[in-house]
Structures are given as C-alpha cells and as structure tokens.
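Asks: Dropping a structure here in structure tokens format, bear with me for questions.
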Amino acid sequence: MGDVRPIADFAGEPDEVRHHPRPYRGDSIFGHGPRVPLAKAQQRMVTAKLEAARIDRLITHGDVAIGRVLVELGGSHGAIHPTYATIAERAGCCVRTVGNALKRLRGIGLLDWARRMVRVGQRAAQTSNAYFWKPDAQLPDPPIKAARSKGKGCSQGPDSLSILLSLQDRTASLMALAARRAVVEALHRQNAEAAARGNNATRYLR
C-alpha cells in the first residue's frame with residue numbers, strides 16, 4: 001500500500017484556523033487530510049477486491065458502484081474528499097445509500113477516512129471526509145451458512161455446516177480450473193486439426 005500522507009499544514013485556511021489554541025478535536029483533521037496515492041495496479045486491485053466482496057455477499061452492487069466512484073476520484077494522487085452529495089450524484093443513488101455503503105466498505109477493512117474540519121471563530125464545522133484506500137487489506141472470510149434439515153425448521157449439527165472456502169483458496173481453485181480448461185480446449189483443437197488433415201490426405205489419394 002502507498003504511504004499515508006497527512007496534509008495537516010492548514011494550507012489555505014484562515015488565520016483564525018491556523019493559530020487557534022485548540023486546532024484539533026478527536027479524530028478530526030484541519031487541512032486537506034490524509035491521502036494514499038495508488039498506482040494503476042493498486043487501483044485495479046481495489047476494484048477486484050470490491051467485486052470479490054460483492055460475490056461473498058459482504059457488500060452490495062451499490063456499494064461496488066460507490067467504491068468505483070471513489071477510486072476514480074482518487075486517481076493516482078489519492079486525494080479523495082468529496083461530499084456525500086457528490087458521491088451520490090456520480091453513483092446515481094441517494095445520500096443515505098452513500099452513508100450506508102461507506103460504513104460497509106470501512107467494515108471490510110478496504111476503506112478508511114478522517115473528518116476534515118474548519119474553524120470559524122470558536123466554532124468548528126465539518127466540510128467532508130478525506131478517504132483513503134487500503135489495497136493490501138485482507139478481506140473477511142465469507143459468512144458460514146448452516147444447512148437446514150428437512151425436519152420442522154431445526155438446523156443440523158456442526159458436521160453439516162457448509163463452510164465456504166477462503167478467498168485465496170477459491171481464487172486458486174478458479175485459476176486451476178481455468179488452466180485445465182485451456183489444456184482441454186488445446187487438445188480439442190489439435191484433434192480437430194489432425195482430423196482435418198487426415199480428411200484432406202484421403203481426398204488427395206483418391
């Protein structure tokens with residue numbers, strides 16, 4: 001993952017903000033906030049993990065769309081601080097959906113943020129969040145689903161649990177299946193070409 005670069009130098013803030021005796025409050029940050037520049041490969045990794053989390057039913061289709069918006073806004077510079085309204089407009093959803101999606105993305109460990117604040121006199125106000133991706137984060141394992149018996153709604157014991165494979169195991173299995181399919185398709189092509197050559201040779205001899 002790229003380095004988190006806190007930019008809390010108060011650049012562009014009014015003097016009363018820069019020189020206030022209590023410039024910070026809780027997890028709030030005055031200034032631009034943290035950012036994590038991502039290379040193209042890391043952006044693709046984040047997008048792939050969003051899709052993997054959706055397949056595992058950890059997040060929804062809408063969450064993926066909102067995540068893609070943040071990836072696009074961050075680009076390679078990593079400065080992501082849009083308002084909820086901006087995200088909602090780009091993702092084609094409502095502001096409440098944005099808030100719920102961000103909580104789920106943070107819950108799976110792929111996204112985090114800090115609150116961006118400004119002071120006007122003695123009052124502090126939030127402008128937006130400064131978001132940053134964590135492309136190296138390990139996604140949670142898919143939920144364990146208990147198999148139901150054919151009786152009156154009672155579940156079977158632990159030995160009947162259908163435990164889903166972890167993300168790494170499933171990825172390795174899919175890659176192995178893809179490699180096997182490629183070998184089988186290559187053999188089919190070779191057999192078809194050999195048969196075609198045999199037919200041509202037969203016609204020539206006639």
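Asks: What does the charge count around Thr127 come to, taking other residues whose C-beta lies under 10 Å from its C-beta (Lys +1, Arg +1, Asp -1, Glu -1)?
Replies: Details: positive: Arg115, Arg116; negative: none.
Value of the local net charge: +2.
Asks: At 7 Å along Cα-to-Cβ for each site, give me the label-to-label distance between Thr86 and Val184 in nm.
Replies: In this crude spin-label approximation the distance works out to 5.0 nm.
Asks: Tell me the net charge near Ile59. Cut-off is 13 Å between Cβ atoms, Ile59 excluded, with +1 for each Lys or Arg and -1 for each Asp or Glu. Working shown, then result.
Replies: Working: positive: Lys49, Arg54, Arg57, Arg68, Lys103, Arg104, Arg106; negative: Glu51, Asp56, Asp63.
It works out to a net charge of +4.
Asks: Moving on. For Asn199 and Arg106 in the same chain, what is the full-extension length gain: residue separation times 0.36 nm, less their Cα-Cα distance, in nm?
Replies: Here the answer is 27.2 nm.
Asks: Enumerate the amide H contacts of Arg116 below 5 Å, restricted to partners 5 or more residues apart or on another chain; note that Pro and chain-start residues carry no placed amide H.
Replies: The answer is Ile29, Thr127, Ser128, Asn129, Ala130.
Asks: Here's something else I'd like to know. Given R₀ = 30 Å, what would the calculated FRET efficiency be for Gln122 paired with Val95, taking r from the Cβ atoms and rounding to 0.05?
Replies: 0.55
Asks: To continue, here is another question. If you bin every alpha carbon distance in region 73-116 into 10 Å steps from zero, what whole percent lands in each bin?
Replies: In order of increasing distance, the bins hold 25, 58, 17 percent.
Values quoted throughout were computed directly from the atomic coordinates according to the rules given, and no laboratory measurement underlies them. Just so you know, these numbers come straight off a predicted model, no measurement behind them. Backbone-built Cβ (ideal geometry, glycine too); neighbour counts: all protein chains shown.
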